[in-house]
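Student: Here it is, the structure in full.
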Amino acid sequence: MNKTVLITGSSRGIGKATAIAFADLGYSVVINYNNSKEEALNLLHHIREKGVKAIAVKANISSRVEAEYLIETSMEQMGHIDILVNNAGIAQQKMFTDITLDDWQKMFSTNINGMFNCTQLVIKDMINRKKGKIINISSIWGITGAACEVHYSASKAAVIGFTKALAKEMGPSGIQVNCIAPGVIDTEMNENLDEYTKNSLKEETPLGRIGLPEDIANTILFLASEKADFITGQTISPNGGFVI
Ligand code: NAP
């Protein structure tokens, strides 16, 4: 496999599982982290042990300057980015009336500005090469809305709109842009859920369980593969049937 994937926010959770899944197929991998340096370096070591080329780059993707550093470093060391997975994100539970302007701006700065920065910086090279795949991570809450998560839901709905519009603009350049809207996945993002809530979520899910990071990694692998070459502008929701 002579392809490179860059996964934003791959020090932990869904991004980490995705980095491992791509490495298992022989892709060269760019790991991106912001705060979790130790986790990122452990992952780098784990992936390199598989005999796969990998680098780990610290960058807060909501900063244009740091996103530029991430993309420039990736291009210098890997040549091209064939697949960009816009995965880095934050969540927060708060009553709408308690959301501060700072909360709102931080949510959009990470979940939307970060995606905008990385995509715009990667896509020029994809346009020149007339190929590339961009996979954006939304959420079921971006489709249905979630109480006490208006800013998160709004940002994840924006990911879907971004995906559709960019897919239309980039199709003629041979670039596919798709979106994944996961259901509830067992990562640190949900570590505040108590056992009662986790059990209720399982009961409300037709497939009877909470998702694993690997469930999302597998969907990302599919969209990145040649098997998905006629798919663009779509949102796929691996959620165990929680939202149908
Ligand atoms: P997680 O376990 O909390 O991990 C979040 C990752 O994003 C970490 O690697 C973190 O890096 C990175 N990150 C956050 N802000 C960043 C920034 N400004 N710059 C660079 N990296 C940043 O979350 P997760 O559950 O894996 O979620 C991954 C994506 O899936 C998110 O977009 C999330 O909204 C979406 N999602 C999750 C669920 C779920 O139930 N878990 C459901 C639907 C959608 P550092 O730790 O290094 O800072």
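Only the coordinates and a few stated rules stand behind these numbers; no lab work does. This is a predicted model, so every value here is computed, not measured. Every residue, glycine as well, gets a Cβ built from its backbone with ideal geometry; the counts of neighbours run over all protein chains shown.
Student: Which FRET efficiency value, to the nearest 0.05, do you get for Ala147 and Asn192 by plugging their Cβ-Cβ distance into 1/(1 + (r/R0)^6) with R0 = 22 Å?
Tutor: Efficiency for this residue pair is about 0.90.
Student: Taking a threshold of 29 Å on the Cα-Cα distance, which of the pairs Lys53/Lys202; Lys133/Lys202; Lys16/Lys198; Lys50/Lys131; Lys16/Lys156; Lys58/Lys202 fall above it?
Tutor: Where the Cα-Cα span goes over 29 Å, the pairs concerned are Lys53/Lys202; Lys133/Lys202; Lys58/Lys202.
Student: Shifting gears a bit: How do His80, His46 line up, fewest other C-beta atoms within 10 Å first?
Tutor: Fewest to most other Cβ atoms nearby, the residues stand as His46, His80.
Student: Ordered by residue, what ³J(HN,Hα) values in Hz, to whole numbers, does region 181-186 give under the Karplus form 6.51 cos²θ - 1.76 cosθ + 1.60, where θ = phi - 60° and Gly and Pro are x?
Tutor: 10, x, x, 6, 10, 6
Student: What residues have an amide H closer than 5 Å to that of Gly132, excluding those fewer than 5 places away on the same chain, when H is modeled at 1.01 Å from N in the peptide plane?
Tutor: Result for Gly132 returns Gln176.
Student: Where a ≥ b ≥ c are the square roots of the eigenvalues of the C-alpha gyration tensor, would you call the chain rounded, which needs a/c under 1.5, or, failing that, prolate if a/b is larger than b/c, or oblate?
Tutor: Taking the square roots of the gyration eigenvalues as a ≥ b ≥ c, the chain is rounded.
Student: Sort 6-17, 90-101, 52-63 for me by packing, meaning the mean count of neighbouring Cβ atoms within 10 Å per residue, highest on top.
Tutor: The densest-packed peptide leads the list: 6-17, 52-63, 90-101.
Student: By count of other Cβ within 10 Å, fewest leading, how are Cys118, Cys148 ordered? Each step should come with its number before you reach the end.
Tutor: Working: Cys118 26, Cys148 13.
Ascending number of Cβ neighbours within 10 Å: Cys148, Cys118.
Student: Take each of the peptides 158-164, 108-114, 122-128, average the number of other beta-carbon atoms within 10 Å over its residues, and list them starting from the highest.
Tutor: 108-114, 158-164, 122-128
Student: Cα gyration tensor of region 142-244, axes a ≥ b ≥ c as square roots of the eigenvalues: rounded (a/c below 1.5), prolate (a/b > b/c) or oblate?
Tutor: Prolate.
Student: Convert each backbone phi in region 229-244 into a coupling constant with the Karplus relation 6.51 cos²θ - 1.76 cosθ + 1.60 (shift: θ = phi - 60°), then list the ³J(HN,Hα) values in order as whole Hz, x for Gly and Pro.
Tutor: With coefficients 6.51, -1.76 and 1.60, one gets 5, 9, 9, 8, x, 9, 10, 9, 10, x, 9, x, x, 4, 10, 10 Hz.
Student: Would you tally the net charge around Asp103, using a Cβ to Cβ cut-off of less than 14 Å, leaving Asp103 out, and scoring K and R as +1, D and E as -1?
Tutor: Neighbour charge sum, excluding Asp103 itself: -1.
Student: Using the alpha-carbon centroid of each, what span in Å lies between region 182-244 and region 97-114?
Tutor: Each part's Cα centre sits 24 Å from the other's.
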